[in-house]
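First up is the structure itself, then whatever we jot down about it.
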Amino acid sequence: MSDFPTRHPYSLGIWQNQIERIMAAWIAELPVRIRYGCEVTGFAQHDSGVEVQLADGETLRAAYLVGCDGGRSAIRKAADIEFPGWDPTRSNLVAEVEVREEPPRGVRYDAAGVHGLHRLEDGKTYRVIVTEQQLGPSSEPTLRDLSETLVAVFGTDFGVHNPTSISRFTDMTRQAAAYRAGRVLLAGDAAHIHYPAGGQGLSLGVQDAVNLGWKLAQVVKGVSPEGLLDTYHAERHPVGARALKHTMAQGALQRRDERIEALVEVVSELATMDEPRRRLAGIMSGLDIRYDLGKGHPLLGRRMPDLDLITAEGPLRVFELLHGARPLLLNLGRTGGLDVAPWAHRVQLVDASYEGEWELPVLGVVSAPAAVLVRPDGYVAWVGAGTQWGLVDALTTWFGSP
Ligand SMILES: Cc1cc2nc3c(=O)[nH]c(=O)nc-3n(C[C@H](O)[C@H](O)[C@H](O)COP(=O)(O)OP(=O)(O)OC[C@H]3O[C@@H](n4cnc5c(N)ncnc54)[C@H](O)[C@@H]3O)c2cc1C
């Protein structure tokens with residue numbers, strides 16, 4: 001993806017505990033409290049709200065409840081939301097251990113799947129990922145399971161000892177049939193689980209939350225009718241379904257018997273060609289997502305590019321204007337040419353100019369619009385061609401009646 005028109009044309013490996021710290025720090029900037037150590041045991045949903053039961057007996061009341069409680073989501077189960085998909089066919093052990101023998105570098109593929117040991121920054125701990133010879137049980141794996149799997153793959157267990165963690169994951173692939181049941185919504189692994197090929201799970205879940213957050217805020221504040229929440233499922237379910245399909249395909253390519261080896265060669269060859277490479281990179285990065293907001297300019301329903309704008313206040317990046325998570329109407333035509341007076345308190349109207357090309361990931365160069373209405377999640381909700389045609393409808397649909 002190094003030729004993608006983005007300021008960050010690469011994938012970045014950040015440990016999940018660091019991501020959690022970064023997000024917790026952002027949340028700390030807002031008037032929002034995180035309560036750690038509260039186990040949800042169930043909830044009751046009424047016309048006006050949700051009562052959430054905690055394990056310590058306390059009950060919390062909220063207008064809405066979002067289950068971000070992972071693949072085994074208690075909230076999804078209590079909401080009776082089906083979780084159809086595919087049962088696991090293989091399992092991996094992932095562990096952090098010390099070794100007595102230096103393991104080989106790199107990743108090994110065989111008929112079982114993918115295997116590798118990678119030394120961590122402290123110089124003595126190794127992160128191990130191995131595929132088990134048979135689908136493992138749902139119980140917690142042991143050091144002995146790890147040792148036996150390593151012997152089966154490498155002929156030695158490298159003297160693994162002193163584990164800090166050992167766990168098992170599978171290629172089970174499932175997606176919630178509905179992302180909303182009344183006042184209960186699902187996001188992240190609670191809504192979809194898949195094999196971690198391509199490292200997409202976390203960003204998929206974060207994008208669910210970014211899609212949902214502003215909609216939920218508007219509904220809670222009474223700005224928008226609750227029907228706005230249905231666009232969450234409509235937009236995010238197809239994105240999740242596509243990720244599931246691609247991770248299943250990638251997972252299949254990791255099982256290297258001679259026939260799959262031949263398939264891997266064919267796919268690899270195709271991936272050296274620009275169009276397939278861009279298509280695949282667009283899918284894995286999520287930069288090619290298009291929400292179905294109807295026919296029109298190619299920008300409609302796509303992620304707004306982070307352009308360098310010139311404004312009355314000087315140069316500005318589009319994404320700086322989105323930091324406040326408020327809708328943005330960017331007028332790139334005649335200054336003062338757009339009027340959104342009835343929405344002025346909700347929508348920031350910025351007159352700006354932009355000289356460069358409009359290039360989108362995967363799609364390439366598109367024609368320059370005269371104006372764009374950008375939702376707080378960064379997706380384009382309306383594209384202007386020099387008039388206000390359709391603007392009032394778009395404003396009402398996404399940001400409520402004036
Ligand atoms: C080996 C492996 C490698 C991966 N690598 C990548 C990668 O490189 N890139 C990537 O993007 N993704 C990767 N993923 C996927 C990623 O880890 C998940 O998609 C992501 O963690 C999902 O986040 P989540 O917040 O939805 O769920 P989780 O991370 O599962 O968090 C759920 C949280 O809810 C809490 N919880 C659960 N039940 C309750 C309850 N009843 N009450 C209160 N709290 C509860 C849990 O304690 C937990 O804190 C990988 C996954 C695996 C297994």
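The values are calculated or read from the model by the stated rules, or taken from the named source; none is laboratory data. A quick note: this is a predicted structure, and the numbers were derived from the prediction, not measured. Quick reminder, even Gly has a Cβ in these numbers, built from the backbone with ideal geometry, and neighbours come from all protein chains shown. Side chains included, ligands, DNA and RNA excluded: accessible areas come from the protein's heavy atoms. Shrake-Rupley method; radii C 1.70, N 1.55, O 1.52, S 1.80 Å.
Between the amide H of residue 192 and those of 176, distances stay under 5 Å, these residues lying 5 or more places away or on another chain, with hydrogens modeled in the peptide plane. Residues 36, 232 ordered from highest to lowest accessible area at a 1.4 Å probe: 36, 232. Quarter the surface of the alpha carbon convex hull of segment 312-391 and you get the mean projected area, 5.7 square nanometres. Here the label points at residue 77 and residue 138, each 7 Å from Cα along the C-beta direction, are separated by 0.8 nm in the simple model. Residue ranges 297-309, 38-50 sort as 297-309, 38-50 when ordered by packing (mean number of other C-beta atoms within 10 Å per residue, highest first).
Of the residues 106, 338, 363, the one whose Cα sits farthest towards the positive end of the charge dipole of the chain is 338 (charges of +1 on Lys and Arg Cβ, -1 on Asp and Glu Cβ, taken about the Cα centre).
Note that segment 62-142 shows a convex hull volume over its alpha carbon atoms of 173 Å³ per residue.
Summing Cβ point charges (Lys, Arg +1; Asp, Glu -1) relative to the Cα centre of segment 280-377 gives a dipole of roughly 380 debye.
Taking the longest Cα principal axis of the chain as reference, the axis of helix 258-271 is set at about 30 degrees. Stretching residue 169 away from residue 266 to a fully extended chain increases their span by 32.1 nm, per 0.36 nm per residue minus the current alpha-carbon distance. Over segment 149-197, what is the relative contact order in whole percent, taking alpha-carbon pairs under 8 Å and six or more residues apart? Dividing the mean separation by the residue count of segment 149-197 yields 32 percent. Taking a sphere under 11 Å around the Cβ of residue 353 and counting the other residues whose Cβ falls inside, with K and R at +1 and D and E at -1, yields a net charge of -2. Remark: spin-label model distance residue 292-residue 25 equals 4.1 nm, labels positioned 7 Å along the Cα→Cβ axis.
Counting only Cα atoms, the size of segment 174-215 along its three principal axes is 32, 21, 9 Å, in decreasing order.
The helix-only estimate of mean residue ellipticity at 222 nm for the chain, built from DSSP H runs of length n ≥ 4 each weighted as -39500 (n - 2.57), is -9000 deg cm²/dmol after division by the residue total.
In this structure, the amide hydrogen of residue 371, modeled 1.01 Å from its nitrogen in the peptide plane, lies closer than 5 angstrom to those of 332, 384, 386, counting only residues at least 5 positions away or on a different chain. Put a plus charge on the Cβ of each Lys and Arg, a minus charge on the Cβ of each Asp and Glu, and nothing anywhere else: the dipole of segment 129-229 about its Cα centre is then about 600 debye. The order of the peptides 281-288, 25-32 by mean Cβ neighbours within 10 Å, most packed first, is 281-288, 25-32. Partner aspartates and glutamates whose Cα lies under 13 Å from the Cα of residue 215, excluding those fewer than 8 positions away in the same chain, are identified as 226, 230, 235, 377. What relative contact order, as a whole-number percentage, does the chain give when Cα pairs under 8 Å and 6 or more residues apart are counted? Contact order relative to length: 13 percent. Axis angle, to the nearest 10 degrees, between helix 274-285 and the longest C-alpha principal axis of the chain: 90 degrees. Over 21 Å, how big is the tail of the calculated P(r) for segment 166-266, in percent of all Cα pairs? Percentage above 21 Å: 44. Normalised by the number of residues in segment 95-198, the mean separation of alpha-carbon contacts (under 8 Å, six or more apart) gives a relative contact order of 26 percent.
For residue 362, neighbours were defined as the other residues whose beta-carbon sits under 12 Å from its Cβ, and their charges (Lys and Arg +1, Asp and Glu -1) total +1. Charge dipole of the chain (Cα centre as origin; +1 on each Lys and Arg Cβ, -1 on each Asp and Glu Cβ, all else neutral): 540 debye, rounded to the nearest 20. Report, in degrees rounded to the nearest 10, the 0 to 90 angle that the Cα long axis of helix 230-253 makes with the longest principal axis of the chain. Orientation of helix 230-253: about 30 degrees from the principal axis.
Take the chain with all the other protein chains still there, run a 1.4 Å probe, and you get 54 Å² of accessible area per residue. When the alpha carbon coordinates of segment 12-151 are projected onto the principal axes, the ranges are 60, 37, 28 Å, largest first.
Ordered by solvent-accessible area of protein heavy atoms (1.4 Å probe), largest first, the residues 131, 396, 59, 164 come out as 164, 59, 396, 131. With the highest mean first, a sort of the peptides 190-197, 235-242 on other beta-carbon atoms found within 10 angstrom per residue produces 190-197, 235-242.
Measuring nothing but alpha carbons in segment 247-312 and taking Rh as the Kirkwood radius, the Rg to Rh ratio lands at 1.18. Just so you know, the Rg over Rh for the chain is 1.00, from Cα atoms, with Rh as the Kirkwood radius. Taking a Cβ cut-off of under 10 Å around residue 173, the surrounding Lys, Arg, Asp and Glu residues balance to a net charge of 0, with basic ones at +1 and acidic ones at -1.
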